[in-house]
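Student: Please find one structure pasted underneath; my questions will follow.
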Amino acid sequence: MNIAIIPARGGSKRIPRKNIKLFCGKPMIAWPIEAALNSKCFEQVIVSTDDEEIASIAQNYGADVPFVRPKNLAEDHTGTNPVIAHAIEWLNSQGLNPDFICCIYATAPFICLSDIQAGLDLIIEKDCDYVFSVTSFSFPIQRALKFEDDGKVGMFYPSNFYTRSQDLEESFHDAGQFYWGKTQVWLEGKPAFLSNSLPIRLPRYRVQDIDTFEDWQHAERMMEVL
């Protein structure tokens, strides 16, 4: 049994009501719910929320909201792992006992059902702990700059000043879309980046972190183009 869990608390600060704010004509959370349902990978698509309005909208788009997330798991500094673990414990208490859990972020409008499917195939084939989406940095991080205390510019890695960009190793970052994981690994709280994990690589044009209104506007322009 495979279950998708979409964490969606109601207390977003930087973009108020971000999870249900209209994005290209639909509530933001509708995009990942529809991708998860259309992937046909899950027996259930569950939204974990503390918010009645989010719960209602999620149900309108086909997700299940079988429990209310406790307030102590809906605070500003609550991490993803405790939220997923709470959902798994609820599922186990109902006798469901899933094999794999896929955490899907509520603010991932570019998520594709084919990537979700590829993630499930990979975690089964390779028997790893996690499979999650990544994309490449657009510029070599080895040549990243910083501001010194006196306001002047410095390099994080000065030894790379004379190294050509094309000679530096390509680097990647979490795409912030989905995280397939074995149920027991989620319960143990193992971090995805430090575990026995494999990536699903996404093109940069389908990845956008949405934390500010500028991010939001950029993401909508990307969606219109796509």
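The values are calculated or read from the model by the stated rules, or taken from the named source; none is laboratory data. Only a predicted model underlies this, so the values are computations on that prediction, with no experimental measurement involved. Because the Cβ atoms are built from the backbone with ideal geometry, glycine has one as well, and the counts that use them run over all protein chains shown. The area values use the complete protein model at the heavy-atom level, side chains included, leaving out ligands, DNA and RNA. Shrake-Rupley method; radii C 1.70, N 1.55, O 1.52, S 1.80 Å.
Student: Kindly express, to the nearest 10 degrees and within the range 0 to 90, the angle between helix 80-93's C-alpha long axis and the longest C-alpha principal axis of the chain.
Tutor: Here the helix axis deviates by roughly 20 degrees.
Student: Angle between the Cα long axis of helix 213-225 and the longest principal axis of the chain, 0 to 90 degrees, nearest 10?
Tutor: So the inclination is approximately 80 degrees.
Student: Are any of the pairs K13/K152; K21/K126; K21/K146; K126/K146; K40/K190 more than 30 Å apart by Cα-Cα distance, and if so, which? Don't skip to the answer; put the middle values down first.
Tutor: Working: K13/K152 32 Å; K21/K126 38 Å; K21/K146 34 Å; K126/K146 39 Å; K40/K190 27 Å.
Over 30 Å apart, Cα to Cα: K13/K152; K21/K126; K21/K146; K126/K146.
Student: Taking just the alpha carbons, could you work out the radius of gyration and Dmax for segment 148-226, both in angstroms?
Tutor: Gyration radius and largest Cα-Cα distance of segment 148-226: 18.1, 49 Å.
Student: Along its three principal axes, how long is the chain when you only count alpha carbons? Whole Å, largest extent first please.
Tutor: Answer, in whole Å and largest first: 60, 38, 36 Å.
Student: Let me ask something else about it. For helix 113-126, report the angle its Cα long axis makes with the longest principal axis of the Cα atoms of the chain; keep it between 0 and 90° and round to the nearest 10°.
Tutor: Its long axis makes an angle of about 90 degrees.
Student: Here's something else I'd like to know. Could you give the nm distance between label points at F147 and Q59, where each point is 7 Å from its Cα heading toward the beta carbon?
Tutor: 4.9
Student: Are there GluC sites (Glu not before Pro) in segment 34-128 that DSSP marks as loop and that have at most 15 other Cβ atoms within 10 Å, and which are they?
Tutor: Details: sites: E34, E43, E52, E53, E75, E89, E125; in loops: E43, E75.
Hits after loop and neighbour filter: E43, E75.
Student: A further question on this structure: Straight-line reach from K18: which lysines fall under 26 Å, measuring Cα to Cα and dropping same-chain residues less than 8 apart?
Tutor: K26, K71
Student: What chymotrypsin sites (Phe, Trp or Tyr not before Pro) in segment 148-226 are in a loop by DSSP, with at most 10 other Cβ atoms within 10 Å of the Cβ? Walk me through the intermediate numbers first.
Tutor: Numbers: sites: F156, F161, Y162, F172, F178, Y179, W180, W186, F193, Y205, F213, W216; in loops: F156, F161, Y162.
Those satisfying the criteria are F161, Y162.
Student: Which sequence of V65, V45 reflects their accessible areas, 1.4 Å probe, from the largest down?
Tutor: Values: V65 30, V45 5 Å².
From most exposed to least exposed: V65, V45.
Student: Test of understanding: in a Gaussian network model of the chain with alpha carbons linked when under 10 Å, which of K190, K126, K182 would top the mean-square fluctuation ranking?
Tutor: Most flexible of the set in this elastic network: K126.
Student: Would you mind telling me which residue in K26, K13, K152 has the biggest mean-square fluctuation in a Gaussian network model of the chain, where springs connect alpha carbons within a distance under 10 angstrom?
Tutor: K152
Student: So how far, in whole Å, is the C-alpha centre of segment 8-80 from the one of segment 96-129?
Tutor: Centre-to-centre distance over Cα atoms comes out at 17 Å.
Student: Per residue, how much accessible area does the chain show when a 1.4 Å probe rolls over the protein heavy atoms, in square angstrom?
Tutor: On the way: 11960 Å² over 226 residues.
Per-residue value: 53 Å².
Student: Seen from all sides and averaged, what is the projected area of the convex hull of the Cα atoms in segment 110-162, in nm²?
Tutor: Working: hull surface 27.5 nm².
One quarter of the hull surface, i.e. the mean projection, equals 6.9 nm².
Student: From largest accessible area down, sort R9, R17, R69, R204; use a 1.4 Å probe on the protein chains. Can you show the working numbers first?
Tutor: Values: R9 60, R17 80, R69 10, R204 115 Å².
Descending accessible area places them as R204, R17, R9, R69.
Student: Could you put L168, L37 in order of accessible surface area, largest first, with the 1.4 Å probe and the full protein assembly present? All intermediate terms of the calculation are to be shown ahead of the outcome.
Tutor: On the way: L168 30, L37 60 Å².
Of L168, L37, the descending order of accessible area is L37, L168.
Student: Over the heavy atoms of L226, what accessible area does a 1.4 Å probe trace out, to the nearest 10 Å²?
Tutor: 110
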